[in-house]
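Trainee: After the structure tokens below, expect a handful of questions from me.
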Amino acid sequence: MFFINYLDRTAIGFAAPNGMNEDLGLSAAQFGFASGVFFIGYILLEVPSNLALHRFGARRWLSRIMVSWGIVALLFTWVQNFEQLVFLRFLLGVAEAGFFPGAILFLSLWVPSQYRSRILMLFYLAQPLTTVIGAPLAGWLIQQEVGGLEGWRFMFLGVAIPAIVVGVIAWFYLKDKPKDAGWLTPDEQVWLTDALESERKTTEAREKHVSVRFAFRSGRVWVLSFIYFGFIFGLYALAFFLPTIIDGFQAQSGVTFDFLQKGLITAIPYLPAAIIMFFWARDASKRGLKTWHIAIPALVGGISIPIALLAGSPVATMAIITITASAIFAALPNFWTLPTRFLTGAAAAAGVALINTIGNLAGFSAPYITGAVHDWTGGYEVPMFIVGFFMLLSAALMLLLARSNRIAPVERIVDEQAGTDAHVEVAETKEAGQR
């Protein structure tokens, strides 16, 4: 589901340099705005959608989301101008709202915290693999002309249909709770249910508050939101503009790539990113999550991304972009273990959605700022320095947060109630031992 989700929202990045911008007469700023306006609709309904998932269950709500966005994605096949493109991108954001935080919440209701980093890594593998597999797939679809449709239009058609199909399958396949899963034995159901319930009670006893209001007033939630903003700024700047940057390699090197070759080149940074993410999350699971498991990737990404366009050759540029992509993806699964360490119930639904909402403001601002500054300066050097700044800010906030003991991604969580000085150990291995 996440694979299809990310492919549908980033398909516009593959279409842009392969006929869409020319056919619709889009400037870089217009393309950036159309790419980013998706997140306005997404942000407006993110928290309400996740609260609805908490109320109605993941099976119904995630399935509804998939079928809805699949129908909207299908309409891109017949878009005729900039205004229609903007409207459909906005509508796609409305349809997709709540999917990602809903999936994070759903996994937290199934997986005890000591295993969560590893499980979120497996879930997050879908994102880089979307580009590894999806970019060549999009390139192949763009080469086809079926029923009189231009290649980029047929590509939109080809990536939209799976969302509808898988959404219907998910309605019958997903189970809201372990006790509903027929593929677990009764003993397994009891063990898993008891482990999750014990964890929930421990969190509620420690935090005292599990309400939506608590999530919105939590300083930890807001700082995590701004940390996530930096990662998403870098992620979507790459996702939407990397195909266009690769298109510029042709003029730089005097070589012409066909659509499939462009897709394969776009995929280059993401396969190493998937591998590094796997081993980085595995290390975090083995050692226990440390602050540097999140801060170091943010630092590396922030330094590397502006250097990429100063490298002087396509090969060197792609090598540095690979480092940037690897850094971003190494941090994200570990980052998403943090909110559910101190939030549960409705507070977890609201908190995870709020973090994703604030973070995805970068989904709107990154492509628009990148495109607008490119139009202003005539190149991508300055936009990439802006991207690097936000990622370095994420690294600094992560370090400051851990140092001030306002959050414990690692050793402890400080109770936020006024006047409370107690520190509660949350290292995964210690929690497991105590249980």
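Trainee: Just to verify a result, which residue in segment 318-347, among those that are among the hydrophobic types (A, V, I, L, M, F, W, C) and over 22 Å from ALA284 (Cα atoms), is surrounded by the fewest Cβ atoms within 10 Å (Cβ to Cβ)?
Mentor: Step by step, filter segment 318-347, then rank; the result is ALA319.
Trainee: Separate question: Give me the pairs, please: first residue somewhere in segment 168-191 and within 24 Å of ARG64 (Cα to Cα), second residue anywhere and of a type in the set (Gly, Ala, Ser) and open to solvent by 40 Å² or more (accessible area, probe 1.4 Å), beta-carbon distance under 9 Å, and either six or more positions apart or on two chains.
Mentor: LYS175/GLY182
Trainee: Could I ask something else about it? Considering only residues that are of a type outside the set (A, V, I, L, M, F, W, C) and farther than 23 Å from THR337 by Cβ, which ones fall in segment 273-320?
Mentor: Scanning segment 273-320 gives SER304, PRO306, GLY312, SER313, PRO314, THR317.
Trainee: Here is a check on your reading of the model: is VAL255 at negative phi, part of a helix (DSSP H, G or I) and open to solvent by 10 Å² or more (accessible area, probe 1.4 Å)?
Mentor: no
Trainee: For ALA16, indicate whether it is in a helix (DSSP H, G or I), surrounded by 23 or more Cβ atoms within 10 Å (Cβ to Cβ) and out of contact with any Ser or Thr (no Cβ under 9 Å at 6 or more places or on another chain).
Mentor: Spelling it out, it is not the case that ALA16 is in a helix (DSSP H, G or I), surrounded by 23 or more Cβ atoms within 10 Å (Cβ to Cβ) and out of contact with any Ser or Thr (no Cβ under 9 Å at 6 or more places or on another chain).
Trainee: Separate question: Identify, by number, the condition in (1) open to solvent by less than 20 Å² (accessible area, probe 1.4 Å); (2) farther than 25 Å from LEU149 by Cα that LEU45 doesn't meet.
Mentor: (1)
Trainee: Considering only residues that are hydroxyl-bearing (Ser, Thr, Tyr) and more than 19 Å from ASP247 (Cα to Cα), which ones fall in segment 295-316?
Mentor: SER304
Trainee: Has segment 211-224 got any residue that is β-branched (Val, Ile, Thr) and within 27 Å of THR266 (Cα to Cα)?
Mentor: no
Trainee: Sticking with this one: Looking at segment 407-415, can you tell me whether even one residue there is closer than 29 Å to GLY288 by Cβ, open to solvent by 10 Å² or more (accessible area, probe 1.4 Å), of a type outside the set (Gly, Ala, Ser) and at pLDDT 80 or above?
Mentor: no
Trainee: Here is a further query. Is it the case that ALA319 is closer than 15 Å to LEU242 by Cβ and in contact with a Ser or Thr (Cβ under 6 Å, 6 or more places away or on another chain)?
Mentor: Here the answer is no, as ALA319 does not meet what is asked.
Trainee: Residues in segment 49-102 that are among the polar types (S, T, N, Q) and under 18 Å from the mean Cα position of the chain (by Cα): how many?
Mentor: 2
Trainee: Could I ask something else about it? So how many residues does segment 227-252 have that are open to solvent by 70 Å² or more (accessible area, probe 1.4 Å) and over 20 Å from ILE307 (Cβ atoms)?
Mentor: So the first thing to find is which residues in segment 227-252 are open to solvent by 70 Å² or more (accessible area, probe 1.4 Å), and the list is 251-252.
Those left that are additionally over 20 Å from ILE307 (Cβ atoms): 251.
Total meeting the criteria: 1.
Trainee: For ARG55, which of the numbered conditions (1) in a helix (DSSP H, G or I); (2) in contact (Cβ under 8 Å) with a residue 40 or more places away in the chain fails to hold?
Mentor: Among (1) in a helix (DSSP H, G or I); (2) in contact (Cβ under 8 Å) with a residue 40 or more places away in the chain, the lone unmet condition for ARG55 is (2).
Conditions (1) within 18 Å of ASP258 (Cβ to Cβ); (2) not aliphatic (A, V, I, L, M), marked per residue:
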{"residue": "ILE104", "(1), (2)": "no, no"}
{"residue": "LEU107", "(1), (2)": "no, no"}
{"residue": "PRO112", "(1), (2)": "no, yes"}
{"residue": "TYR115", "(1), (2)": "no, yes"}
{"residue": "ARG118", "(1), (2)": "no, yes"}
{"residue": "GLN127", "(1), (2)": "no, yes"}
{"residue": "GLY134", "(1), (2)": "yes, yes"}
{"residue": "TRP140", "(1), (2)": "yes, yes"}
{"residue": "GLU150", "(1), (2)": "yes, yes"}
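Trainee: Next question, about the same structure. Filter segment 199-226 down to the residues that are at pLDDT 85 or above and either more than 22 Å from LEU107 (Cα to Cα) or open to solvent by 50 Å² or more (accessible area, probe 1.4 Å) (or both) and list them by number.
Mentor: TRP222, VAL223, PHE226 - these are the residues of segment 199-226 that are at pLDDT 85 or above and either more than 22 Å from LEU107 (Cα to Cα) or open to solvent by 50 Å² or more (accessible area, probe 1.4 Å) (or both).
Trainee: How many residues are of a type outside the set (Val, Ile, Thr), within 20 Å of the chain's Cα centre (by Cα) and not in a loop (DSSP other than H, G, I, E, B) if we restrict to segment 305-344?
Mentor: Of the residues in segment 305-344, 12 are of a type outside the set (Val, Ile, Thr), within 20 Å of the chain's Cα centre (by Cα) and not in a loop (DSSP other than H, G, I, E, B).
The values are calculated or read from the model by the stated rules, or taken from the named source; none is laboratory data. For clarity, every value in this text was computed on a predicted model and none was experimentally measured. Here the Cβ is made from the backbone with ideal geometry for all residues, glycine too, and neighbour counts use every protein chain on show. Please note that ligands, DNA and RNA were not included when accessible areas were found on the heavy atoms of the full protein model with its side chains. Shrake-Rupley method; radii C 1.70, N 1.55, O 1.52, S 1.80 Å.
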